[in-house]
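Working notes, structure below.
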Amino acid sequence: MRYRLKPRRHSCKKRTIWLVGVLCLICSLLLTFYLVDLFAAKRVAERDGPALTEGVTYRTVDGASLAYRRFGSTGTPILMIHGFLGSSHDFSLLWPDLSSDHQVIAVDLIGFGLSDKSTELLFSKQNMARLCAALMAQLGFDRYIVLGHSMGGEVSLHLALTYPDRVEKLILLNSAGWQDLQQGRRMAVPGWFIEYVFQNYLAQRLFFPLTVYNRQIANTENFNRFFFFNDQIPAETLIKLTQDNDSGQLAGRLGEIRQPALLIWGAEDRTIPLAQGEALDEHLPDSQLVVIDQCGHLTFLEKPQQTLEAILAFLAED
């Protein structure tokens, strides 16, 4: 006896409907990401842009346009250098106290903030340090203190090594420089991924809380200040930044740095863990490490008062 099995048409039909539904859901999510990014960027630019760009000055240094902010009129200058995907505005909570006894120059590194983003530029930390030194020379400063955060800390280390007669002291906040960072490694990433995924408003908004210990600090207002500047970085510039990466190349030369150095670290930093701060402290000849508890990578934002107290005490030392 033979049996003839009929084709399971209903099962195939259900599978097709399920696949179409999944595809529609994915398309809806992608469209949502795109539209939220589009309208959020426009809203942030219109609402926060004027305040975030107030007081910015521009100078052409070796063919590159550098944006910077200047505060105070007396005292030893302090050059402030932000980190990866940061800007000079990052240090806004520190400006008032530091500028009362010092001249403060907060610069936007090439590729970031409001500075030049041309892919014709060399985006190595060494070249960023060279341009910062040239900017300070143009402004008439031959001796100054350097404060750097994260990637800006590694730029500061380059300054101290290359221009030892100009840099008096180093202040390093959650600094890079001991080894290469994940965000700085060479990687073949298509421009569309950087523009529509990496720089997407929702994607960055989800990542931002990982930079702090207290999630309340990662509110929309604080995030929008960072996003305003990051949204202006072309995808091709970010790709060139990874191609020009020279992060971690100073690890073997830290013993040559003779300037007094203050290291400030968030105990719960997930981006550059405290172990790297301890390594820097061990290899710098004249350094001290201040660890701030219940604090992540953005010490100047999450614990501004404790950060200031440590800085002011260090500046008061002979």
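The values are calculated or read from the model by the stated rules, or taken from the named source; none is laboratory data. These numbers come from a predicted model, not from an experiment. Reconstructed Cβ throughout: ideal geometry from the backbone, glycine too, with neighbour counts over all protein chains shown.
For region 265-281, what are the residues that are closer than 20 Å to Phe84 by Cβ and either touching a Pro at 6+ places or on another chain (Cβ under 6 Å) or surrounded by fewer than 19 Cβ atoms within 10 Å (Cβ to Cβ) (or both)?
Residues satisfying the conditions are Glu268, Arg270, Pro273, Leu274, Ala275, Ala279.
Quick one: Arg186 ticks every box in (1) at pLDDT 85 or above; (2) surrounded by fewer than 16 Cβ atoms within 10 Å (Cβ to Cβ); (3) under 20 Å from Leu122 (Cα atoms) except a single one, so which number is it?
Condition (1) is where Arg186 drops out.
Can you tell me which residue within region 208-259, out of those that are closer than 22 Å to Tyr68 by Cα and among the aliphatic types (A, V, I, L, M), is surrounded by the fewest Cβ atoms within 10 Å (Cβ to Cβ)?
The extreme case among them is Ile233.
Could you list, in sequence order, all residues of region 293-318 that are among the polar types (S, T, N, Q) and touching a strand residue (DSSP E or B) at 6+ places or on another chain (Cβ under 7 Å)?
Thr299, Gln306, Thr307
Which members of region 282-318 meet the condition of being in a helix (DSSP H, G or I), among the acidic types (Asp, Glu) and surrounded by fewer than 16 Cβ atoms within 10 Å (Cβ to Cβ)? Reasoning before the result, please.
In the first step, residues of region 282-318 are kept if they are in a helix (DSSP H, G or I); the result is 282-283, 299-302, 304-316.
Keeping just the survivors that are among the acidic types (Asp, Glu) gives 282, 302, 309.
Scanning region 282-318 gives Glu282, Glu309.
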